[in-house]
Amino acid sequence: MAHEQRLELKLSQKLILTPQLQQSIKLLQLPLLELSQDINQELMNNPLLEEGIEREGDGKSEQTEPSMEEERFGDSADNAEAPLEKIFGFTTDSYFEERESDGRDFGYFNEGTEEVPSPFERNRSKRNLYDHLLWQLRLSTVPEDVGRTAEIIINNLNDYGYLQASIDEVSAMAEVDGTMVERALRHVQSFDPPGVGSRDLQECLLLQLSPLSLEGTLVERILREGFSELEGKKYKQLATKLKTSLDDILAAVKIIEGLEPRPGRNYSSDEPVHIIPDVYVEESEGKFIITLNDEGIPRLRLSNYYRKLLANKKSLGPEEKQFLEEKLRSAIWLLRSLDQRNKTIYKVTESILKFQEDFFRKGAKYLKPLNLRDVAEDLGMHESTISRVTSNKFIQCPQGLLNFRYFFSNAVPSSQGDMSSSTVKDMIRAIITEEDPAEPMNDQKILDILKGRGISVARRTAAKYREELRIPSHLKRKKWF
């Protein structure tokens with residue numbers, strides 16, 4: 001077969017995402033905290049962007065005091081913004097005409113004041129588990145090999161105080177034998193808090209018995225000989241296995257329940273994460289008002305100094321001019337993308353409010369089945385856009401702080417028509433909350449109650465909903481005392 005070279009001309013269509021479009025898509029799906037971090041990073045990278053400072057009283061945004069370069073460039077009479085038509089032949093006004101024309105305020109450019117954190121909050125520090133254990137190790141008197149191996153063990157503990165590395169792995173890291181590792185591990189396990197340095201839950205609970213003088217008691221026998229029955233709450237089998245009465249077993253189990261399964265969590269340095277809503281929905285005079293949350297979001301504006309510098313083209317070389325023009329395009333696109341993001345979130349919230357108006361007015365049991373396609377068709381957008389908007393975002397409404405995805409659920413047949421699966425889950429949670437702790441209901445009993453209310457679901461579906469609610473089975477929910 002002969003090989004030959006030839007030229008061919010083909011026409012093809014490809015969908016290529018430009019960097020600007022990729023940035024716009026990224027901003028659309030970012031939650032509020034990550035959006036703030038992204039904007040702050042852009043402020044550092046782009047000299048054409050600056051953060052506006054608000055004058056107290058009139059709520060208007062103003063620029064910070066002029067720099068030496070700005071004062072040298074022009075006097076106060078020339079402080080008017082350089083028109084973009086001198087640079088590109090167009091302005092940014094067209095990007096925001098829709099927001100101005102329909103009278104809606106999408107929240108991003110809202111005026112407000114930023115709270116200054118308290119100095120007590122800024123300077124507050126909390127000792128973590130690693131520092132606490134290392135402090136105890138420094139105060140102890142042990143051979144150098146034991147101390148060095150113990151420090152390696154401390155470095156391999158997780159936030160709850162459990163050892164994540166095996167004896168062989170620690171032995172290889174410390175270049176000592178397994179006997180030395182076991183000795184160092186016992187030394188770490190003698191530290192406060194009791195139970196630290198354990199390799200599993202059983203060992204963690206056993207290590208807490210010595211400080212409580214519970215060694216040699218029924219509590220220790222249960223943990224050593226009947227741990228599997230203890231996990232399954234099979235107390236009658238445990239009493240038979242250990243040849244003791246059920247009352248003694250229950251008394252010992254009550255002591256075990258008072259032990260700490262995660263000894264290191266009280267030393268966690270992680271601050272609690274508070275969910276910040278992206279959208280507020282409030283009812284006023286029978287109408288719902290939608291407000292986008294802009295708390296912590298820098299208020300961006302184009303730098304007047306660099307715009308004037310670009311307008312005066314004679315003062316710039318070719319490279320400087322090209323650099324500043326690229327940064328100006330990037331800044332304008334960012335402002336446009338942020339405004340478009342707010343408009344899209346606003347419209348999606350409006351659509352959800354239209355579909356779920358009964359929920360917002362009457363409560364959770366009036367939540368209707370809804371999917372992303374319904375909202376996409378209502379707004380004339382792609383389903384993937386709705387998915388990005390509703391991902392990792394929260395809405396504060398009269399019913400509480402809810403994830404956007406809470407409003408999207410499958411339909412469950414009922415005698416009164418299709419019902420939302422989220423409503424069925426709320427019913428299951430309420431049924432289990434009202435049950436007798438001494439005689440918890442199994443999935444079949446829960447299913448019978450649902451059927452009595454006209455809701456037709458399979459038993460495996462009811463079990464799946466219970467597991468999604470992170471509710472254990474009836475055997476593990478049973479209270480013996």
> For the stretch 242-266, list residues with backbone N below 16 Å from a point placed 7 Å from the Cα of E231 toward its Cβ?
Replying inline: 261-262
> What shape does the stretch 131-183 have by the C-alpha gyration tensor, where a ≥ b ≥ c are the square roots of the eigenvalues, rounded means a/c under 1.5, and otherwise prolate means a/b greater than b/c and oblate the rest?
Replying inline: oblate
> Viscosity 1.567 mPa s, temperature 4 °C: Stokes-Einstein D of the stretch 229-288 from its Kirkwood Cα radius, in µm² per second?
Replying inline: 78 µm²/s
>> Counting other beta carbons within 10 Å of each residue's own, what order do H382, H132 fall into, fewest first?
In response: H382, H132
> Using 0.36 nm per residue, how much length does the chain from N45 to S284 gain when fully extended, once their Cα-Cα distance is taken away?
Replying inline: 81.8 nm
> Rounded, prolate or oblate: which one fits the stretch 199-326, using the alpha carbon gyration tensor with axes a ≥ b ≥ c (rounded when a/c is under 1.5, else prolate when a/b beats b/c, else oblate)?
Replying inline: prolate
> In µm²/s, what is D for the stretch 411-477 at 10 °C and 1.306 mPa s, where D = kT/(6 pi eta Rh) by Stokes-Einstein and Rh is the Kirkwood radius from Cα pairs?
Replying inline: 133 µm²/s
> Roughly speaking, what is the stretch gain from E439 to D168, that is 0.36 nm per residue apart minus the C-alpha to C-alpha distance, in nm to one decimal?
Replying inline: 92.9 nm
> Hey, what do the phi angles of the stretch 438-443 turn into as Karplus ³J(HN,Hα) couplings, whole Hz, using 6.51/-1.76/1.60 and θ = phi - 60°, x for Gly and Pro?
Replying inline: 6, 9, x, 8, 7, 5
> What is the fewest-to-most order of S171, S268, S228, S198 by other Cβ atoms lying within 10 Å of their Cβ?
Replying inline: S228, S268, S171, S198
>> Set the bar at 22 Å for Cα to Cα. Now go through K451/K476; K287/K362; K347/K425; K327/K393; K368/K478; K393/K476 and name every pair that lies beyond it.
In response: K451/K476; K347/K425; K327/K393; K368/K478; K393/K476
> How many nm is it between the label spots at L379 and E326, if each spot is 7 Å from the Cα in line with the beta carbon?
Replying inline: 3.3 nm
> Once label points are set 7 Å from the Cα along Cα→Cβ at both S315 and E467, what is their separation, rounded to one decimal in nm?
Replying inline: 6.8 nm
> If each of D159 and R221 carries a label point 7 Å out from its Cα toward its Cβ, how far apart are those two points in nm?
Replying inline: 4.0 nm
> What does the charge dipole of the stretch 411-477 about its Cα centre add up to, to the nearest 20 debye, if the Cβ of each Lys and Arg holds +1 and the Cβ of each Asp and Glu holds -1?
Replying inline: 220 debye
> Which residues in the stretch 149-182 place their backbone N less than 19 Å from a point set 7 Å from the Cα of D200 along the Cα-to-Cβ direction?
Replying inline: 157-158, 160-170, 182
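Each reported figure results from applying straightforward, stated rules to the coordinates on display, with no laboratory input. Please read these numbers as outputs of a predicted model, since none were measured by experiment. Here Cβ is always computed from backbone atoms with ideal geometry, including for glycine, and neighbour counts include all displayed protein chains.
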